[in-house]
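First the structure, in the form of structure tokens, and then the observations on it.
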Amino acid sequence: MHKPQFNNLYDYWHWPNYFNENQIADMHNIFRANIVSDAEDHAAGGKTKKVNLFMTHYGHLRPQLYSLEQSIFKINQDFFGYNIWPQFDDNMVILNEYDSNIKGEYDWHVDSSSCHTYDMKYTVLINASLAPYQGGKFSYFRSGEKQIDELDNPGSVVMFKSHLSHKVYPVLKGKRYSIALFYMGPRFV
């Protein structure tokens, strides 16, 4: 079992080297074979987002992500007690490709939902890079900007509260890939 590592403010959790190179390549192949071409990305909301986006249904990745989901539920149970729902087979999973040829980046933003019945509780990011890259640092903002260096390593996973403002700096060389999952639950009142 993978042990999560916490920062001292419980802003985020990370699992270093959760996935190996073969598992990451397998997930890329699943995305390629099962792209949902008519899916829309509503996330940018006017923010700079230079990214090639690929989406598929969670059901295609369930076997690869089951153990991680169990870890997410355990962290939630032990530290927050949010009412979160499991991923349903039709939920979308995103593969972000930040390409240095377009200086791939994503400006400061929060992950949220405009639905009246639920909101996002956690954002989970997997570094799914297939080759070395430069730049593309991931940061969040809470009483100042903080970089999450743990997400620099392929196969590593970071989970954080979706309401924290965060960004991806431009990729300067190569391609940085990340898989994004969002865990939702009933709206906070």
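The values are calculated or read from the model by the stated rules, or taken from the named source; none is laboratory data. Computed from a predicted structure; not experimentally measured. Here the Cβ is made from the backbone with ideal geometry for all residues, glycine too, and neighbour counts use every protein chain on show.
Quick check on my filter: what residues within segment 67-109 are hydroxyl-bearing (Ser, Thr, Tyr) and surrounded by fewer than 19 Cβ atoms within 10 Å (Cβ to Cβ)?
Ser67, Tyr82, Ser100
Can you say whether Tyr82 is within 28 Å of Ala33 (Cα to Cα) and of a type in the set (Ser, Thr, Tyr), as far as the supplied structure shows? Write out each step before concluding.
Numbers: within 28 Å of Ala33 (Cα to Cα): no; of a type in the set (Ser, Thr, Tyr): yes.
It is false that Tyr82 is within 28 Å of Ala33 (Cα to Cα) and of a type in the set (Ser, Thr, Tyr).
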Within segment 163-189, restricting attention to residues that are of a type in the set (A, V, I, L, M, F, W, C) and assigned to a loop (DSSP other than H, G, I, E, B), which residue is surrounded by the fewest Cβ atoms within 10 Å (Cβ to Cβ)? Val189
Within segment 101-149, how many residues are outside any loop (DSSP other than H, G, I, E, B), touching a Pro at 6+ places or on another chain (Cβ under 8 Å) and within 10 Å of Lys175 (Cα to Cα)? 1
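For the condition hydroxyl-bearing (Ser, Thr, Tyr), in a loop (DSSP other than H, G, I, E, B) and modelled with pLDDT of 90 or more, what is the one hit in Tyr10, Tyr18?
When all the criteria are applied, what remains is Tyr18.
Is it the case that Asn76 is modelled with pLDDT of 95 or more and within 20 Å of Arg187 (Cα to Cα)?
Values: modelled with pLDDT of 95 or more: no; within 20 Å of Arg187 (Cα to Cα): yes.
No, not satisfied.
Yes/no matrix, rows are residues, columns are (1) at positive phi; (2) at pLDDT 95 or above:
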site	(1), (2)
Ser113	no, no
Gly136	yes, yes
Phe141	no, no
Asp149	no, no
Val157	no, yes
Val168	no, yes
Arg176	no, yes
Met184	no, yes
Arg187	no, no
